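These notes are about the structure you will find just below.
Any read-out appearing in this document is the output of simple, stated calculations on the displayed coordinates, not a laboratory observation. All figures in this text were calculated on a predicted structure; none of them were measured in a lab. All Cβ positions, glycine included, derive from the backbone under ideal geometry; neighbour counts span all protein chains shown.
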Amino acid sequence: MNTNAQNEPVAETPKKNISVKVLGVGGAGINVMELMLKSGLPGVGFAAVETDAQSAVASSASEKVHLETQFLRGLGTGGDPDRGRALAEEQLPKLKSLCDGADVVFILAGLGGGAGTGISPVLARAAKETGALALGFVTTPFGCEGGSRQRLAQAGLAELKACADGVICLANQKVLTLIDENTSLLDTFRIANNFLAEGVRGVWRLLTHKGLIDIHFADLAALIRDRHAESSFAVAEAMGPTRSREVMDKLLAHPMLDGGHVLADSEAVLLSLIGGPDLTMAEVNRVMEQVNRQCEHGQVIMGAAIDEAFSERLAVTLIAARKNPQRASAETGPAAGAEELDQQLLPCSATARPESRFVPPPPALASDQVQQLLARQSRGSSRQRKNQARSRQTQLPLEIVSKGRFDKSEPTIHKGEDLDVPTYIRRGVALN
Amino acid sequence: MFNASSIIVGLEIGTSKVCAVVGDLAPDGALNIVGLGQSRSRGVRKGEIADAPLAEEDVRHAIVEAEQMADVEIRSVYLGVTGGHLRGFNNRGVHPVVSADREISEEDVQDVIKNAKTINLPAQNHVIHAIRQHFLVDGQDGITNPVGMLGSRIEVDVHVVHGNLNRLQNAIRTVKGLQLEVDDIVFNGLASSLALLTNEQKELGSLVIDIGGGTTDYVVYANGIIKHTGVLAVGGDHVSNDLAYGLKVPLSRAEQLKIEHGAGLLDEPAKGQSITISNELGLPVKTINLEHLRRIMSLRLEEIFRLVSQCIEQADALDYLRAGVFLCGGGAHIPQIAKLAEQVLQMPVSLGKTNSISGLKSALDQPEFATAIGLVKFGSFQQRKRAAKSSLTDGIKSTLGQLFRRI
């Protein structure tokens, strides 16, 4: 499913005519969507998908889908993703009709609960089946919400990644570092939601505004697919004659980027600039120079667009896909294991899929089952075995380099590189 | 024998050695080096004191040796400081000329300098140097003395070197523990550049890279002024550590291999050669591939030069270096290092000679003594300034005075 995103029709259609639909799933998703509704995005359709009758009614979205069966007795999914998933599968036609006619579907959800975690993967699949590109914007729970929710969220994230064309994930825990101790619970959630909404708006802008230097959806999808545990995104805006410098300062000071450290660690960065007709090449250049300097090791994709409404202003949207430190230990993590399995199974299941209304969800498996299945797979054709060998290679944990003499002293970090580690090791020069 | 006020001592507490140099400032202004003491340093990592008692002992050894050689009693020293926490940047001060005839007076100049020196720094940071650069009068650059000129606006740039107060205090505390006064603290790189460069080289524009044991300090001079300074907390220790890790030998052995067989470049003859290490009985213990040794070393050194070059390029100072690059510090002993630096920096590189002080014995003209000699030279400048102001009792040790009041 993931692999054919480049061939999707939308990437070729003229940018201006893209029709975008924003779907809020579950309580958290709807909250984020409400935020966006309030500020308004022209030409975007909003819809709420909910299992809980009350919150569905409260939403001001133009379309509402209330998923309900007798089984739930109007109480929602009760935090069980399996119920959410089953419900969504049952009502798939409803979901499909929701996505009908849209080119791009943004799915907003908070993972870790019943509705968001269960429904959003099915919704993503529904969107893809109607020919739209599905892009997930999700949050993972705060650390204090407990380990089980976190696990559910990770499993849901892996599932969503397998179904959607791209997922951008915001770890709520990260938001905690941005707020002071006196912030109320309400405000904390509002800030987290705001971040997500800002990100959606940034991506929407990037897709719909006519670009002088275009970013195609394919670029975006390639950037965020399969890469990450979490992407970081930051939106900054500045105005006035020194806007290019200011916007860069704001961006680097952006809490989600850890003072620019994220850029240094990231594998790929997508950057979109939007300014008024007075945007100069020098300004674009200045911003790009800075970003390039910050992320020496990453690939940078950039786009620039002009919008009349942005005269004298400059807005920068940045999405950074980080190197995934968890990948190294992926074999123990059930979430990552399931994803791996999904990739392995994909080639055969895609061809053998019957013409059916239902697409079975990827099975939820324990990690030992995953290992078993993987082992069985590897006994297949020789080509597959080669594939697996390659994916194993990426999972090898990095050699831990003892710092010898500098073990106890303050590390010398220069642009994210630890200079105490021998140069030849960092450069990967082999001594035989 | 000597008048106490004419004795100037420079003390460098380095990562690999502690070095004290005694200079004698003659009444006619000539500076003579009369003594030198050194000791292996054990309590310092990356230019900063990590083990105070050990460092104190090493400093005592060096001072005693210098005292014996110069036959003087050392009461106060100019202390060299370095470390990864030091930063250098340029700050500009602006002052409007308000007098009716638009003539710039001495007061205007004092005011603009005062403005330039007001810098917003976090409370725990201490300004080590605030060095005046050129004046600008109504935007016209390169004026050294604007008094008497006409203009409506006067600006001046100062180069500020600052560091973390507590970490600077560590070195000062160690020296004070030995009942020695600290006249002033000086950035090591600045001291080295004072020892190496002639006025002509400063005018033409030069880069001094001091590759020490724990840090690499660099200073850029252009048009006679200090344009940029910086510290990279990587030095000879890192080379030894890389070798120890890569060749799987103990650190002391790696140090020895570096000195005996190291080089800046990986040249053809080294390929395929091997070295046999023997133990104290003369029996061979291990064979080491010379090519690996050189490769590990040259990669590290090349990286140091590359990082320095990047930092200077960021400060837009790379194009001013018409006199070239001068190397000093223990790292300058590495064979072919100048050639390697030339390859990386793309400009003429030579080993610095401490030739700007008269009466120096050739035995002292070693690159690793450049910092300590430069400290003495810095002290002699200060001394002359003080003599000119003739108010020694007024506590001109302004920077230090402030520093100690804060304790």
- Binning every alpha carbon pair distance of region B:214-273 at 10 Å from zero, what are the percents per bin? 19, 34, 25, 17, 5
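So between B:Arg306 and B:Lys385, what do we pick up on full extension, going 0.36 nm a residue minus the alpha carbon distance?
On the way: separation 79, 0.36 × 79 = 28.44 nm, distance 3.81 nm.
Between B:Arg306 and B:Lys385, full extension yields 24.6 nm more.
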- Fraction of beta bridges assigned by DSSP in region A:15-208 that are antiparallel (%, nearest 5): 0
- Message: Tell me the mean residue ellipticity at 222 nm calculated for chain B from its helices only (DSSP H runs of n ≥ 4, each -39500 (n - 2.57), averaged over every residue, nearest 500).
- Response: -11000 deg cm²/dmol
- Message: So if I place +1 on the C-beta of Lys and Arg and -1 on the C-beta of Asp and Glu, and nothing else carries charge, what would the dipole magnitude of region B:7-128 be about its Cα centre? I want it in debye, nearest 20.
- Response: 740
- Message: Which one, B:Cys328, B:His292, B:Gln346, is farthest towards the positive end of the dipole of region B:199-352 when Lys and Arg carry +1 and Asp and Glu -1 on their Cβ?
- Response: B:His292
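Would you mind calculating the relative contact order of region B:87-161 from Cα pairs under 8 angstrom and at least 6 residues apart, reporting the percent as a whole number? Don't skip to the end; give the middle numbers.
Details: 149 pairs, mean separation 35.8, N = 75.
Relative contact order, region B:87-161: 48 percent.
Excluding B:Val325 itself, what net charge comes from residues whose Cβ is under 15 Å from its Cβ, given Lys and Arg +1 and Asp and Glu -1? Each step should come with its number before you reach the end.
Details: positive: B:Lys202, B:Lys227, B:Arg306, B:Arg322, B:Lys339, B:Lys353; negative: B:Asp210, B:Asp217, B:Glu302, B:Glu313, B:Asp319, B:Glu342.
Charge balance in the 15 Å sphere: 0.
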- Note on the structure: In terms of the charge dipole of region A:15-208, which places +1 on Lys and Arg and -1 on Asp and Glu at the beta carbon, the residue among A:Gly29, A:Gly101, A:Ala158 farthest towards the positive end is A:Gly101
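Looking at the square roots a ≥ b ≥ c of the eigenvalues of the Cα gyration tensor of region B:87-161, which shape do they give, rounded for a/c under 1.5, prolate if a/b is larger than b/c, or oblate?
prolate
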- Item | Two-site label geometry, B:Thr198 and B:Asp267: point separation in nm, points 7 Å out along Cα→Cβ | 2.9
- Note on the structure: Per DSSP loop assignment and a cutoff of at most 15 other beta carbons within 10 Å, chain B keeps its longest run without exposed GluC sites (Glu not before Pro) at B:74-279
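What does the charge dipole of chain B about its Cα centre add up to, to the nearest 20 debye, if the Cβ of each Lys and Arg holds +1 and the Cβ of each Asp and Glu holds -1?
780
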- Message: What does the C-alpha gyration tensor say about the overall shape of region B:248-370? Classify as rounded when a/c is under 1.5, otherwise prolate if a/b is larger than b/c, or oblate.
- Response: oblate
- Report relative contact order for region A:86-242 in percent, whole number only (criteria: Cα-Cα under 8 Å, sequence separation at least 6). 20
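Holding the Cα-Cα limit at 29 Å, pick out from B:Lys248/B:Lys271; A:Lys403/B:Lys117; A:Lys174/B:Lys227; A:Lys250/B:Lys46; A:Lys408/B:Lys248 the pairs that are longer than that.
On the way: B:Lys248/B:Lys271 19 Å; A:Lys403/B:Lys117 40 Å; A:Lys174/B:Lys227 41 Å; A:Lys250/B:Lys46 33 Å; A:Lys408/B:Lys248 20 Å.
A:Lys403/B:Lys117; A:Lys174/B:Lys227; A:Lys250/B:Lys46, as the Cα separations exceed 29 Å there.
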- Estimated dipole of region B:87-161 in Debye, rounded to 20 [Cβ of Lys and Arg +1, of Asp and Glu -1, Cα centre]: 420
- Message: Using only the alpha-carbon atoms, how far is helix B:52-70 inclined from the longest principal axis of chain B? Give it as 0 to 90 degrees, nearest 10.
- Response: 80
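In peptide B:296-304, how many Cβ atoms from other protein chains are near each Cβ within 10 Å, on average? Let's see the in-between values first.
Working: counts 6, 2, 2, 7, 4, 1, 2, 8, 2.
If you average over the peptide's residues, the count of other-chain Cβ atoms is 4.
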